[in-house]
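Quick notes on the structure that follows.
All of the numbers you see were taken from the coordinates with simple rules; none came from a lab. Predicted model only: the values in this text are computed from it and were never measured. FYI the Cβ positions are ideal-geometry reconstructions off the backbone, even for glycines, and counts take in every protein chain you see.
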Amino acid sequence: MPSDPCLKPSVQGSFSSVPVPSHPAPHSLAGGRRLGILPFFALGYLWYMLIDQLRIEWTVNPQYSYGWAVPFVCLGLAWKKWKEAEGTERSAKGEGPGRAGREQGERCRYLLSLVSYWLERKGLGLFALCALLILPVRLILEANPNWRTMEHIFGCSVVGLTLIVIYWAAGLSRLRLFAFPVCLILAAVAWPPSIEIPIVQGFARTNVTTSIELLSLFGIPGIQYGNVIQIGAGMVGVNDACSGVRSFQSSLLVALFLGELYGFGVIRRLVLCLAGAIMAFVFNVCRISVLVWVASRQGVDAINKWHDPAGLTITMVCLIGLWAVGLVMAHRPKRGPAAEGGKALAPAMPAPNSSAFAPCASPRLLGPSRRTLRNSLVALLVWLILVQAGVEGWYRAHESRESGSSQWSLAWPPREAGFRELQIPDLSRAMLRYDEGHGGAWRFDNKEFVLYYFKWLPGKLALSSARSHSPNVCLAASGKKLRRIPDNRCPLTIHSVVFPFRRYEYEEFGQVIYVFHCLWEELSPINYYEHNHESSMMALRMNAVIEGRRNRGQRSLEFVVSGADDAKAARDAVESRLRKLVTVHAQPQ
């Protein structure tokens, strides 16, 4: 057992080997450590860096557009907790905490004591680790803004630093109050693709299947092809934003917010999250059914008129319904020991006046001294400035040494017999956020060609926007069955320039469709940005950091070929078409 005079014997039972620190009186929020505005500068700049990084996904991906509201929700909850703490302090000066407050505190006192014990002894090391992690994470994210694993590490580092500073500055009681508002920002970090893609596709297909069954009751027959519903008026697609995942994520956020707002326990919070998931599914099925009904009555083109109003209406109804569930649960009388006067506390927990939680003879503040805390915050602020300057200097030094490379341009419209322009839907333009985009189709040598070309100018959003489109997700959602290919790399050399194409094969109505997709980064050698093996993908991302490549312009070429005898015939046909479409010219040195 440690000899620290502020450590008392642990609670009885199986946890007897774990020391429990005593707790000093809570600090006043107004005058705890008297640090002035220094924490706001250091933590404010830290949170600015995090939000500036996350905003890229919020802007590019409509599925995470709700993220813009999360910082304001965090601030609102933090302000509410601040006011609650001030009220608690005022009441504590008079008559002290009530019975319910004492009982709630006793139930989690032991766990909080362990947290306090651990933070007091490991806090400085954890603070330094979280701060040091920011440099490599920022360096990596600057070249790979869509690497979601790094975003999660960045978010956890920011949350960890914030919680440690709160604990040092105001103690364990304030950490309990502000922990949830601080951690809630992690709900706005995008899910890893290995989790997101199966869930998105699963939600979309389940919604489509349910909608078809519902529409059949109203005399509107439909056939499902992946995420597409075929009706008499045409084909109605369900994209990722309409899959129901966005509604589920926003409902989950609202459920977490309401659970904290009303002070629910764990069980009620889980029930509220489950209610949000069910409402998101039900109302999204209603949305799809309404859009398909409109298409059957007014034509498929009428969906564009009703898409956004229907989505907004369904979202508002879902959130209001979830709020109503929260209000009902908030007014439901509590049951159990708390409602019966607190007679049945856990047997392993000592009484409030037990020696296990007796205060020290000379209580002290947990964490470092005031001077150490102030120096830590100054060091953090200086470190964050050095990180930003170092990251910017690293990439600017490489950009200044970049030389010109062979460039190419695409002749549009293609001079092909029977060529017709394809209109890109407004929703696709909003999702891809390209600066230049074209689509067209024609027939040649008994083969059908469809070509899509997109261009993104240099900037922070270019890479994320370009990589948000991939045939293995988009075409699979349209009902086409993807064939497995061990290595689908298919480089095509056009006028001395190697284009890093990938080949995809799909089956539809007994016919094989060949898709050739190329993602081109300006001023870069041939690179395959979406290799199937994670190790290769990680090596590619790290090479981008070492070579100082960031914010470069992106271009995308996608050929869809049907009617070819085999993969080689399709490849040769694409190569012959590209020789007519692509013009290569050298960039001035």
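Before moving on, here are some points about what is shown:
- Under the Karplus curve 6.51 cos²θ - 1.76 cosθ + 1.60, θ = phi - 60°, whole-Hz ³J(HN,Hα) for segment 77-85, x wherever Gly or Pro sits: 5, 5, 5, 4, 5, 4, 5, 4, 5
- Under the simplified labelling scheme, the GLU399-SER524 pair shows an inter-label distance of 1.6 nm, with each label point 7 Å from Cα along Cα→Cβ.
- Derived scalar couplings ³J(HN,Hα) [segment 264-276; Karplus, 6.51 cos²θ - 1.76 cosθ + 1.60; whole Hz; x for Gly, Pro]: 5, x, 4, 5, 5, 5, 5, 5, 5, 5, 5, 4, x
- Full-extension gain in nm, ASP572 to LEU270, via 0.36 nm per residue minus C-alpha separation: 103.1 nm
- Normalised contact order of segment 196-330, rounded percent, pairs of Cα under 8 Å and 6 or more residues apart: 27
- Cα-derived Rg over Rh, computed across segment 154-231 with Rh taken as Kirkwood radius: 1.37
- Shape metrics for segment 479-520, restricted to C-alpha atoms - Rg then Dmax, Å: 12.2, 38
- Residues LYS81, LYS568 arranged by fewest to most Cβ contacts within 10 Å: LYS568, LYS81
- Between ILE494 and PHE499, the built amide H atoms are under 5 Å apart, and every one of these is 5 or more places off in sequence or on another chain.
- Segment 406-586 shape via C-alpha gyration tensor axes, a/c threshold 1.5: rounded
- P(r) histogram, all alpha-carbon pairs of segment 196-330 included - 10 Å bins from 0, percent: 13, 40, 29, 14, 4, 0
- Residue separation of ILE485 and ALA379 scaled by 0.36 nm, minus their Cα-Cα distance, works out to 33.0 nm of gained length.
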